[in-house]
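Below is one structure, written out as structure tokens, with a few remarks after it.
Bear in mind that the values in this text are calculations on the coordinates, not laboratory data. Fair warning: this is a prediction, and the values are worked out from it, not measured in the lab. Note: ideal-geometry Cβ built from the backbone for every residue, glycine included; neighbour counts use all protein chains shown.
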Amino acid sequence: MITTVQQHILQQQQEISEASGTFSWLLSGITLATKMVEAKIRTAGLNDVLGAMGQTNVQGEQQQKLDVYANQALLHCLGLRDSVAALVSEEDEEPVTFDRSVESGKYIIVFDPLDGSSNIDVNVNVGTIFSVLRRLPSADAGLQASILQPGYAQVAAGYVVYGPSTVLVYTTGHGVHAFTLDPTIGAYVLTKEHMKMPQQGSYYSVNESNAAAWPEEFREYVALLRAGALGRQYSSRYIGSLVADFHRTLLKGGVFLYPPTREQPGGKLRLLYEANPLAFIAEQADGMASTGKGRILDIKPHGIHQRTPFVVGSKREVEALLYGQGK
Ligand code: AHM
Ligand code: MG
């Protein structure tokens, strides 16, 4: 018998403290939106959704038509759920907030609607990343305080990778589970439960064209991997879609890194909707996620679009960066 993601979340919900169906109803908003995005991507060359929108987003990046579509799909599908207090998107400068009481509007969803959008036009994998936070109960804690919680406070996180098949991976802090979209029935069906990242892998994944602009310790680290100092002969793999590079790292092990550069000393990737959710998943799968100095999930955010250096992957590789190769 198949298990759909909806059934799985309901089962998980009974095991965790969420007694009502609220949480599964909330996540069903995400799965619905990603199915809408999937349908658009699948036929991207046939309809007029490829290419740029002609405007830039809050990050100063060219918005692609599919970026805008994916953002609207998520805002629409989630905004209708009573349990949502705020939606925070890579594409919107400010959070979208809803006038709902603390009792009903219990959750905040933070998302990157279409990650890796530079890959859309060339038919390469893209993805959606999401993170769920609980609104802080205190009456005087404004929504901003609830949004800027450290990653360890996430109640759920996940992503969808739109690849040869469409795969959804999520955690609620009770393991990492993967579902594949079965297009014949339109449902995400359980394909891997309690996923674990290998303790060491054979791939490293980084945009090496930036090497001259990295801090010295990152250059030395990648040189060490190349030299086989961790007892493995590494190959490099870099898709340029974080979700796809992370998904491979989750399955095969190894390390993905986006170090700081001279131009971007704070790193390129965003903390709230890229690094935090993937760090939560990595740790749940026995992997690690770090800035190169400390744990991603411990960072106290100060802004919703804040960036961070990001190193994620198998324990062996991440520890080698943090503590040196002997560890
Ligand atoms: P995006 O959210 O605008 O798509 O940007 C994030 C992407 C990640 O998916 C990917 O890891 C990274 O940017 C690639 O950056 P670069 O082209 O500098 O290697
Ligand atoms: Mg992104």
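Taking the criterion of being in a strand (DSSP E or B), away from ligand 2 (no atom under 16 Å from the Cβ) and either over 17 Å from the mean Cα position of the chain (by Cα) or closer than 18 Å to Ala156 by Cα (or both), the residues of the range 235-276 that qualify are Ser235, Ser236. Screening the range 95-111 for residues that are under 12 Å from Asp82 (Cα atoms) and among the aromatic types (Phe, Trp, Tyr) and picking the one that is surrounded by the most Cβ atoms within 10 Å (Cβ to Cβ) gives Tyr107. Within the range 198-210, residues that are more than 13 Å from Arg232 (Cα to Cα) sit with their Cβ atoms under 6 Å from residues that are within 16 Å of ligand 2 (Cβ to nearest atom) and not in a loop (DSSP other than H, G, I, E, B), at 6+ positions apart or across chains, in these pairs: Ser205/Asp245; Ser205/Phe256; Val206/Leu257. Considering the conditions (1) within 16 Å of ligand 1 (Cβ to nearest atom); (2) farther than 19 Å from Leu297 by Cα; (3) in contact with a strand residue (DSSP E or B) (Cβ under 9 Å, 6 or more places away or on another chain), Ile129 is excluded by exactly one of them, (2). Checked against (1) touching a helix residue (DSSP H, G or I) at 6+ places or on another chain (Cβ under 7 Å); (2) part of a loop (DSSP other than H, G, I, E, B), Leu133 passes all but condition (2). Surrounded by fewer than 20 Cβ atoms within 10 Å (Cβ to Cβ) and either of a type in the set (A, V, I, L, M) or in contact (Cβ under 8 Å) with a residue 40 or more places away in the chain (or both): does that describe Ala282? So Ala282 does not fit the description; no.
One residue alone among Leu133, Leu114 is within 16 Å of ligand 2 (Cβ to nearest atom), hydrophobic (A, V, I, L, M, F, W, C) and surrounded by 18 or more Cβ atoms within 10 Å (Cβ to Cβ), and that residue is Leu114.
Taking the condition part of a strand (DSSP E or B) and not acidic (Asp, Glu), does Ala320 pass? The answer is no for Ala320. The set of residues in the range 86-134 that are in contact with an Asp or Glu (Cβ under 9 Å, 6 or more places away or on another chain) and more than 19 Å from Ala275 (Cα to Cα) comprises Phe98, Arg100, Ser104, Gly105, Ile120.
Condition check: under 17 Å from the mean Cα position of the chain (by Cα), surrounded by fewer than 19 Cβ atoms within 10 Å (Cβ to Cβ) and within 14 Å of ligand 1 (Cβ to nearest atom). Does His305 satisfy that? Here the answer is yes, as His305 does meet what is asked.
Restricting attention to the range 208-228, which residues are in a loop (DSSP other than H, G, I, E, B) and surrounded by fewer than 14 Cβ atoms within 10 Å (Cβ to Cβ)?
Selection gives Ala227, Gly228.
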